[in-house]
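Enquirer: Pasting a structure below so you can have a look.
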């Protein structure tokens with residue numbers, strides 16, 4: 001078996017069939033099927049998300065200590081890094097732990113992108129190709145061909161009104177802001193600020209290029225992420241947090 | 001920056017991995033008229049080949065279309081026009097529907113004389129019927145040509161009636177399938193009524209003269225995958241729910257559906273053919289079924305295979321050559337079948353008996369003429385298969401030679 005065949009057998013075709021079956025269960029609404037699949041994916045990846053949220057909460061709790069270290073070893077970056085790593089180790093926190101849920105989602109993104117394009121079958125060739133990928137479940141075959149319309153969107157095409165791009169970018173910024181610890185030194189702060197803007201802008205831009213079905217997945221996934229984050233960490237996290245290097249606004253007017 | 005890189009990586013992959021692209025290659029079949037074979041190529045040309053001399057008579061390139069960017073691929077691209085409909089020859093004119101939404105009428109006499117086009121001033125002519133938004137008006141279904149009219153199913157969900165001589169619009173129907181819009185199956189005509197099937201599971205009756213919807217329609221739970229075929233006031237057509245339906249015109253209940261109990265292994269994608277009370281239906285599960293047209297009873301089934309011994313989808317309709325049935329499967333195998341018994345024989349590859357009959361996938365419709373079956377392979381070659389000799393007689397490269 002080639003890599004493509006293995007991929008389709010393990011991930012590609014199962015995601016496609018689940019998506020089509022969900023669409024049939026949800027009155028032939030493919031947009032709702034994508035939303036339902038997003039929730040399922042978030043549930044499956046919950047153990048990893050929980051680990052990430054634990055890391056985020058621990059990092060929040062460690063902020064006073066990190067600031068202390070910053071003040072103490074601010075001029076010796078090497079020592080500062082060593083002490084911070086020591087601190088992370090003692091607290092059992094992996095600062096890169098937040099990356100795992102994102103990495104896990106990569107194959108899902110690819111499979112979902114393929115599934116959306118294959119399921120909607122915008123060309124006759126794609127429709128014929130779909131026949132070889134569907135399981136023999138009645139629920140799947142009765143759903144074909146799918147309706148690509150959802151709200152104002154054609155799920156096989158990018159959103160022409162940019163609304164989804166704004167939602168994807170905005171929700172991603174909020175989610176990142178909630179989890180991203182403020183930089184403790186001014187040099188890192190500008191990098192951090194750039195990162196905070198870069199990812200939402202990039203995904204917002206990609207939303208303009210990719211089928212809106214995939215962007216719908218991103219938007220819903222971000223919103224679920226924000227809600228989970230809010231309830232798990234008990235608030236808006238770093239969204240309300242201010243770096244000690246940021247100027248404090250004058251109190252009282 | 002690390003995050004940006006790891007985010008970009010899968011998205012780049014997403015654009016590159018197979019399956020994401022919206023491919024429209026076209027799978028137009030062949031037509032034969034007066035010893036000339038007409039076939040549309042993968043690169044959007046209409047080609048005429050002399051069946052006796054096996055030489056190219058003429059070639060016409062359709063206008064390339066501009067496609068928008070997709071995924072991470074930036075900018076627009078100019079691509080050849082895909083052609084799905086079979087060329088239809090009527091007197092001296094070859095009619096073709098294109099994926100860019102045009103109906104072309106090419107005068108083959110003038111083409112063979114290598115004259116420039118259009119040729120209205122010389123009494124020779126051709127016309128096309130461009131529609132504004134090419135993508136949404138793509139023509140996928142075969143054209144239906146009657147005495148003085150061409151009926152065209154469009155991807156905007158409408159059926160059009162065009163004057164056969166000048167291409168003027170006679171009428172356009174209302175949108176038949178609001179949900180999907182795609183009308184990728186061609187209508188069938190009986191008397192002065194057109195019957196059109198839709199992906200939302202309806203058969204509609206339209207007045208051939210005005211395009212108005214008539215009183216009768218038929219509704220099914222699943223969409224219809226194949227074009228309707230009429231025989232003895234019964235419409236036969238395949239469905240996405242993996243059944244073949246027989247629907248009596250005027251009735252709201254199907255006469256029968258096949259198989260009677262469990263559905264078939266896949267869709268009945270190709271239109272069935274009906275001969276002497278027997279329906280021959282190719283299925284994407286790799287089987288050809290012979291069914292009693294009246295009762296829906298299975299008479300026999302024949303399973304076509306690929307070179308690994310697995311069933312291979314039958315995408316194109318079977319054809320009759322004399323008293324023999326000919327089918328081709330996607331794996332490239334061509335079979336000669338006895339329609340009475342269902343016994344089949346695979347035609348072997350010319351060079352290697354272990355290989356498929358032709359070294360390419362077969363998706364396009366077959367065309368039979370004087371004991372030969374003409375097949376356009378997905379390798380962009382035309383193959384002539386001699387049924388009596390049970391061999392590939394000759395083949396012709398359809399790609400442009402640099």
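Each value in this text was obtained by applying a stated rule to the coordinates, not by laboratory testing. Please read these numbers as outputs of a predicted model, since none were measured by experiment. Please note: Cβ atoms are built from the backbone with ideal geometry, for glycine as well, and neighbour counts cover all protein chains shown.
Enquirer: Report, as an integer, the average count of C-beta atoms from other chains found within 10 Å of each Cβ along A:165-172.
Expert: Counting other chains' Cβ atoms within 10 Å and averaging over A:165-172 gives 0.
Enquirer: Now for a separate question. On C-alpha positions alone, give me the angle between the axis of helix A:77-91 and the longest principal axis of chain A, in degrees, nearest 10.
Expert: So the inclination is approximately 70 degrees.
Enquirer: For a footprinting-style exposure proxy, rank A:171, B:81 by other Cβ within 10 Å, fewest first.
Expert: A:171, B:81
Enquirer: Over all distinct Cα pairs, what is the inverse of the mean 1/r for the range B:231-343, reported as the Kirkwood hydrodynamic radius in Å?
Expert: After inverting the mean inverse Cα-Cα distance, the result is 14.0 Å.
Enquirer: How big is the Kirkwood radius of the range B:168-298, worked out from every pair of different alpha carbons and given in Å to one decimal?
Expert: 14.8
Enquirer: Which values of log₁₀ I(q)/I(0), to two decimal places, follow from the Debye formula for the range B:312-402 at q = 0.20, 0.25 Å⁻¹ with a uniform point scatterer at every Cα?
Expert: Debye curve over Cα of the range B:312-402, log10 I(q)/I(0) at q = 0.20, 0.25 Å⁻¹: -0.89, -1.40.
Enquirer: Another question, if that's okay. Using only atoms on other chains, find how many Cβ atoms lie within 10 Å of each Cβ of peptide B:180-190 and report the average.
Expert: 2
Enquirer: Using a Gaussian network model of chain A with C-alpha springs under 10 Å, which one of A:169, A:12, A:213 is most mobile by mean-square fluctuation?
Expert: In this elastic network of chain A, the residue with the biggest mean-square fluctuation among A:169, A:12, A:213 is A:12.
Enquirer: Pick from A:132, A:29, A:54: which residue has the top mean-square fluctuation in a GNM of chain A where Cα pairs under 10 Å get a spring?
Expert: Comparing A:132, A:29, A:54 in a Gaussian network model of chain A, the most mobile one is A:132.
Enquirer: Please average, across the residues of A:118-131, the number of beta carbons from any other chain that are within 10 Å of each residue's own beta carbon, and give a whole number.
Expert: Rounded to a whole number, the mean comes out at 6.
Enquirer: Compute the FRET efficiency between residue A:139 and residue B:190 as 1/(1 + (r/R0)^6), taking r as their Cβ-Cβ distance and R0 = 35 Å, and round to the nearest 0.05.
Expert: It comes to 0.50.
Enquirer: Where does helix A:99-120 land angle-wise versus the long Cα axis of chain A, in degrees 0 to 90, nearest 10?
Expert: It works out to around 20 degrees.
Enquirer: Going by average Cβ density within 10 Å per residue, which order do the peptides B:325-333, B:40-48 take, highest to lowest?
Expert: B:325-333, B:40-48
Enquirer: For the range A:9-96, with equal point scatterers placed on the C-alpha atoms only and solvent neglected, what are the log10 I(q)/I(0) values from the Debye formula at q = 0.14 1/Å, to two decimals?
Expert: Computed log10 I(q)/I(0) values: -0.65.
Enquirer: Here is a further query. How far apart, in nanometres, would the label points at residue B:343 and residue A:192 be if each is projected 7 angstrom from Cα along the Cα-to-Cβ direction?
Expert: In this crude spin-label approximation the distance works out to 8.3 nm.
Enquirer: Full extension from residue A:163 to residue A:32: what is 0.36 nm times the residue separation minus their Cα-Cα distance, to one decimal in nm?
Expert: 45.4 nm
Enquirer: Same structure, new question: Got the relative contact order for the range B:182-239 handy, in percent, Cα pairs under 8 Å and 6 or more residues apart?
Expert: Dividing the mean separation by the residue count of the range B:182-239 yields 30 percent.
Enquirer: Sorted from largest down, give the three principal axis spans of the alpha carbons of the range B:239-304, whole angstrom values.
Expert: 35, 26, 20
Enquirer: So what's the angle, to the nearest 10 degrees on a 0 to 90 scale, between helix A:46-73 and the longest Cα principal axis of chain A?
Expert: 20
Enquirer: Debye sum, Cα scatterers, the range B:289-363, no solvent: what log₁₀ I/I(0) at q = 0.13, 0.19, 0.21 1/Å?
Expert: -0.39, -0.78, -0.93
Enquirer: Based on the Kirkwood radius over alpha-carbon pairs, what is the Stokes-Einstein translational diffusion coefficient of the protein assembly as shown at 25 °C with 0.890 mPa s viscosity, in µm²/s?
Expert: Taking Rh from Cα pairs, D becomes 88 µm²/s.
Enquirer: A further question on this structure: Which of the peptides A:197-208, A:107-118 is most tightly packed, and how do the rest follow, going by the mean number of other Cβ atoms within 10 Å of each residue?
Expert: A:107-118, A:197-208
Enquirer: Averaging the inverse of every distinct alpha carbon separation and then flipping it gives the Kirkwood radius. What is it for chain A, in angstrom units?
Expert: 20.4
Enquirer: Please arrange A:83, A:68, A:5 by counting, for each residue, the other beta carbons lying within 10 Å of its beta carbon, fewest first.
Expert: Sorted ascending by nearby Cβ count, the order is A:5, A:68, A:83.
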